[in-house]
Amino acid sequence: MKDFFKLYLDSYRGLSTPAWMLALVMLVNRSGAMVVPFLGVYMVKHLGFSLEDAGILLSCFGIGSVIGSSMGGWLTDRFGHFKVQLFSLTGVVPLFMLLPQLTIMPSLAAGILALSIVSDILRPANSVSLAYYSKPENVVRSFTLNRMALNLGFSIGPALGGFLAAISYDLLFYGNAFAALLAALIFFFYFRNKKGNKTNEEKVALEEIPYRSPYKDVPFLVFTLLSILFAICFFQLLSTLPLYYREVYHLTEKNIGIILAYSGVVVFSLEMLIVHIAERRTTAANAIIFGVICCGLAFSSLLLTHAIWLLYASMFVLCVAEMLAMPFMATVTLQRSNAKNRGVYMGLNSLSLSAGLIFAPFLGTKIAANYGFNVLWTGTGLLMLLTAVGFYLLMKRMRLKQLAPK
């Protein structure tokens, strides 16, 4: 037990202070993510929209996420990660304040789309910033720490949002705006004059690095496509899986929320440890492949029996998939890029997740409605197996270097 606690604490040691501050900024920002979980309820119950119209409006979030991720990478390479992050954190404040005033479908769709674009411009810039402020041997754990902050923030945000929505939906939007402003202030005052870990040799070498577009990097484009397939399957977590709990197991919203909260606790408590162990004992390629296989096992295991314990066991395996695949996908993207094109590369990494958010609910609900959940889980398991094979063949060709210190 003593060795376990030492290993657990070691997973947090050596991280730079800027990495912790970036995690704090993301925690504050995402703790204010109160609007999205309640937006559908707000549109149906408060504004009187139909379920179909609400679904169209919610899809604007995914579309805006793809646009924002692409723009964020391009802007980061041209204006720098500090300016882009500050713009995103401050830019969403007036948009959150404006949304309660938009009560008809066209204007609300435009407002949601604009909010999602400005919000997700942050993601590539934040990834580049993490790489800039982290030592090479700690970059994977820096990404993991940031994801932990996001997961914790997404656990806090809906709880705060439920309290505020019970009083007034307007408070929901204003609370989100306040959290974004607070995150922007923390970010500005800490990072405005902060320097990264670049050495003089690296600065000289930067002038000699040729620019390479990721859109001409065929192996990386295939890597992005495989990442999209993973994201489509993984994000059934946010769409068809809760519907499965409700329709097949007849669980209440409270019990569904408990299972989803359990997933957040698992990721928050174990991700740093698992990534620390994986970083020391295997490669980024192997971690991604194992994570993809776990994703397929998590969903296909739902075919085994009809029992509540299986839902928790399946969710745990799905959490392992997330903890292994996603941080190391960012690591591979980082390895593939250089200082001149890192923003665009990280933008493509963010875009793959955003594309998953668009296609996951559409494809998942379509298959479940027409063929049943068992066909969906079987198809998900087979697709993840094929995707794992694809990653194995591709990353042998990409010849990834080892990130862990020798």
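Data overview
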{"read-out": "Hits in the range 91-117 (condition: open to solvent by 20 Å² or more (accessible area, probe 1.4 Å) and aliphatic (A, V, I, L, M))", "value": "93, 95, 97, 98, 102, 104, 105, 109, 110, 113, 114, 117"}
{"read-out": "Checking residue 103 against (1) at pLDDT 80 or above; (2) assigned to a helix (DSSP H, G or I); (3) among the hydroxyl-bearing types (Ser, Thr, Tyr), the condition it does not meet", "value": "(2)"}
{"read-out": "Qualifying residue in the range 316-323 (condition: free of Cβ contacts under 8 Å to residues at least 12 places away in the same chain and surrounded by fewer than 18 Cβ atoms within 10 Å (Cβ to Cβ))", "value": "no"}
{"read-out": "Enumeration of residues in the range 272-285 that are outside any loop (DSSP other than H, G, I, E, B), of a type outside the set (Gly, Ala, Ser) and touching a Leu at 6+ places or on another chain (Cβ under 9 Å)", "value": "272, 273, 274, 275, 276, 277, 279"}
{"read-out": "Only listed residue being open to solvent by 40 Å² or more (accessible area, probe 1.4 Å) and in contact (Cβ under 8 Å) with a residue 12 or more places away in the chain, chosen from 308, 289", "value": "308"}
{"read-out": "Filtered residues of the range 331-348 (kept if part of a helix (DSSP H, G or I) and surrounded by fewer than 22 Cβ atoms within 10 Å (Cβ to Cβ))", "value": "335, 336"}
{"read-out": "Residue match in the range 134-149 (condition: within 17 Å of residue 178 (Cα to Cα) and in a helix (DSSP H, G or I))", "value": "no"}
{"read-out": "Residue in the range 156-176 that is nearest to residue 264 (Cα to Cα), counting only those that are at pLDDT below 75 and of a type in the set (A, V, I, L, M, F, W, C)", "value": "156"}
{"read-out": "Unmet requirement for residue 107, which otherwise passes all of (1) more than 25 Å from residue 190 (Cα to Cα); (2) in contact (Cβ under 8 Å) with a residue 40 or more places away in the chain", "value": "(2)"}
{"read-out": "Single residue of the range 65-100 satisfying the filter (modelled with pLDDT under 85 and touching a Ser or Thr at 6+ places or on another chain (Cβ under 6 Å)) that is nearest to residue 125 (Cα to Cα)", "value": "69"}
{"read-out": "Test: residue 143 is within 24 Å of residue 348 (Cβ to Cβ), of a type in the set (Phe, Trp, Tyr) and either in contact with a Leu (Cβ under 6 Å, 6 or more places away or on another chain) or at pLDDT 70 or above (or both)", "value": "yes"}
{"read-out": "Filtered residue count, the range 368-395, keeping only those that are in a helix (DSSP H, G or I) and either within 23 Å of residue 116 (Cβ to Cβ) or free of Cβ contacts under 8 Å to residues at least 24 places away in the same chain (or both)", "value": "8"}
{"read-out": "Unmet requirement for residue 360, which otherwise passes all of (1) at pLDDT below 85; (2) open to solvent by 10 Å² or more (accessible area, probe 1.4 Å); (3) over 21 Å from residue 214 (Cβ atoms); (4) not β-branched (Val, Ile, Thr)", "value": "(2)"}
{"read-out": "Flag for residue 244 being surrounded by fewer than 18 Cβ atoms within 10 Å (Cβ to Cβ), at pLDDT 85 or above, hydroxyl-bearing (Ser, Thr, Tyr) and farther than 30 Å from residue 84 by Cα", "value": "no"}
{"read-out": "Candidate set from the range 272-286 (those that are over 19 Å from the mean Cα position of the chain (by Cα), free of Cβ contacts under 8 Å to residues at least 60 places away in the same chain and open to solvent by 20 Å² or more (accessible area, probe 1.4 Å)); member that is farthest from residue 226 (Cα to Cα)", "value": "281"}
{"read-out": "Hits in the range 210-236 (condition: touching a Ser or Thr at 6+ places or on another chain (Cβ under 9 Å) and at pLDDT below 85)", "value": "212, 214"}
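The values are calculated or read from the model by the stated rules, or taken from the named source; none is laboratory data. Computed from a prediction, not measured in an experiment: that's the story for all the values here. No Cβ is skipped: glycine too gets one built from the backbone with ideal geometry, and neighbour counts run over all protein chains shown. The protein model used for the area step is the full one, side chains on, heavy atoms only, and it has no ligands, DNA or RNA in it. Shrake-Rupley method; radii C 1.70, N 1.55, O 1.52, S 1.80 Å.
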